[in-house]
Amino acid sequence: MAEVPSTFRLQTGQKAPHFSLPDGNGESIALDEVISGKKGVLIAFVCNHCPFVVHLADSFGSFADEIAESGIATVAINANDVANYPADSPEKMIEFAKTSGWNFPYLYDESQEVAKAYAAACTPDFYLFNSDLELTYAGQYDDTRPGRGGEPTGEDLRQAVNDLISGTPTPTPWYPSTGCNIKWKPGEAPDYFG
């Protein structure tokens with residue numbers, strides 16, 4: 001499996017691109033609904049089959065529950081081409097979320113336009129925004145990866161959440177998340193690295 005890093009195209013303070021996407025059942029959820037009344041929102045680009053996502057899926061579910069108690073919402077987005085990667089289909093998203101203990105919206109970006117707007121490159125790819133939808137952190141969950149030992153803790157992301165809540169900027173450099181590349185539809189891969 002090739003390991004692809006985050007792009008870091010979104011910069012500190014940049015506004016979160018808007019979206020309204022369906023979940024696995026076809027119910028549309030907009031970013032405005034997710035952030036409403038919250039101190040911030042964590043947006044994660046993920047999928048069902050990537051070993052890098054599977055590695056931290058259970059931990060991520062618990063982490064999202066934990067930060068929800070502090071007023072930080074979580075939403076996950078799957079932008080993979082399901083025609084060529086049927087394991088990532090919306091129906092299987094429902095099952096994966098349930099198995100992983102995800103109590104937050106898991107949405108399907110069929111057009112892949114939302115992933116492009118965020119310059120998402122890999123699964124998982126994490127973006128943390130404050131209540132004004134300004135980027136405060138983008139980067140890795142923690143430094144663990146599948147097959148390299150260690151249990152995922154969300155250490156890096158947890159520190160970024162703590163910084164957001166306390167009003168402290170998260171120090172740079174941010175370390176990129178890495179994972180499988182987003183499975184773009186034929187001819188649709190953006191040139192993030194050109």
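A few remarks follow.
- If you take all other residues with their beta carbon under 13 Å from the beta carbon of VAL161, and give Lys and Arg +1 and Asp and Glu -1, the sum is -4.
- For region 69-83, Karplus couplings with θ = phi - 60° (6.51, -1.76, 1.60), whole Hz, Gly/Pro x: 5, 9, x, 9, 7, 10, 9, 10, 10, 10, 10, 5, 6, 6, 5
- Charged-residue dipole, Cβ positions (Lys, Arg, Asp, Glu), the chain about Cα centre, Debye nearest 20: 280
- What you get for region 1-107, charging only the Cβ of Lys and Arg (+1) and of Asp and Glu (-1), is a dipole of about 340 debye around the Cα centre.
- Taking the DSSP beta bridges with both ends in the chain, the antiparallel portion is around 70 percent.
- Shape category assigned to the chain from the gyration tensor of Cα positions, a/c cut at 1.5: rounded
- Global form of region 57-139, assessed from the alpha-carbon gyration tensor, a/c cut-off 1.5: oblate
- Measuring r between the beta carbons of HIS18 and THR168 and using R0 = 22 Å, the FRET efficiency lands at 0.25.
- Relative contact order (%) - criterion: Cα under 8 Å, at least six apart; region: region 38-194: 30
- Annotation: amide H-H contacts under 5 Å for LEU107 (H modelled 1.01 Å from N, sequence separation of 5 or more, or interchain): ALA76, ILE77, ASN78.
- Anchor LYS92: lysines whose Cα lies under 30 Å away (excluding residues fewer than 8 positions away in-chain): LYS38, LYS116, LYS183, LYS185
Readers should treat all values here as calculations from the given coordinates under stated rules, not as data from a laboratory. In this text the structure is predicted, and so the values were computed from the model without any measurement. Don't worry about glycine lacking a Cβ; one is built from the backbone with ideal geometry, like all the others, and counts go over all protein chains shown.
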